[in-house]
Amino acid sequence: MTPRRAFLSVLLPTLACGLTSQAAPSAETFTPLFDGKTLAGWKNAYDWGQTQVVDGEIHLTGEKKFFVITEKTYSDFIFEGEVLLPEGQANSGFMFRAHVEPNKVYGYQAEVDGSPRNWSGGLYDEGRRMWFISPIKGDAQSEAAFRQRAGDAFKRNGWNTYRITCKGAHLKIEVNGVTTTEVDDSTDASGVIAIQHHGEKGQLYRFRNLRIRELR
């Protein structure tokens, strides 16, 4: 082999390896909030409601509305989780930066809406301003703009992936990859994450793949 060919045989694989490493996107590092086997790191904030881990899912049942919350609080983060609503009348949500009192959880909630209204991915202020952010209930322009953004992102009878990003006052909610809400609101800077059973008797709410990436 000539010196030139020998040089190229060493150089070309090195260049290819460098190009491959540059082209590969860096993976986002998430921390599981649910280990798929136990409710470690979570607790029921109410004196009622039943929680159970079944086949890698958290199952909630009850006769009154309740929330299961993280034991830890979070400030700036990207949270992801999947939810499956029961058939019939059903409503749920992912609370974030939320506050806890005895038998009460309130604050920001990424809506999971099983009704024909389908405001899934809206930002509801549980226990306070209610539908005053996205959309603004009763404001025809705000409601129309939300419907246009959200479209048919939410799948009523299937699993839905929610992604919630909080960075300072900037809040963003995505449903199955579609940005449904993106607003600035500085009411809450930190708090717990929670999952909801809306209180329909006999209904089973299912959650899985709950994880978080804290932002620094």
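The values are calculated or read from the model by the stated rules, or taken from the named source; none is laboratory data. Values in this document were obtained by computation on a predicted structure and should not be read as measured data. So basically every Cβ, Gly included, is an ideal-geometry build from the backbone, and we count neighbours across all protein chains shown.
For the range 63-84, the condition holds for at least one residue, the condition being that it is farther than 18 Å from Ile164 by Cβ, surrounded by 14 or more Cβ atoms within 10 Å (Cβ to Cβ), touching a strand residue (DSSP E or B) at 6+ places or on another chain (Cβ under 8 Å) and touching a residue at least 60 places away in the same chain (Cβ under 8 Å). Annotation note: of Val112, Val183, Val178, the sole residue that is within 28 Å of Lys37 (Cβ to Cβ) and either out of contact with any Gly (no Cβ under 8 Å at 6 or more places or on another chain) or touching a residue at least 24 places away in the same chain (Cβ under 8 Å) (or both) is Val112. Selection of first residues in the range 158-175 that are closer than 14 Å to Gly81 by Cα and of second residues that are among the aliphatic types (A, V, I, L, M) and in a loop (DSSP other than H, G, I, E, B), restricted to Cβ pairs under 7 Å at least 6 apart or on distinct chains, gives the following pairs, ordered by first then second residue: Val175/Ala153. A single entry from Thr51, Thr29 fulfils the requirement of being modelled with pLDDT of 95 or more and either outside any loop (DSSP other than H, G, I, E, B) or of a type in the set (Val, Ile, Thr) (or both): Thr51. Only residues that are charged (D, E, K, R), more than 12 Å from Tyr108 (Cα to Cα) and under 12 Å from the mean Cα position of the chain (by Cα) were counted in the range 167-216, giving 4.
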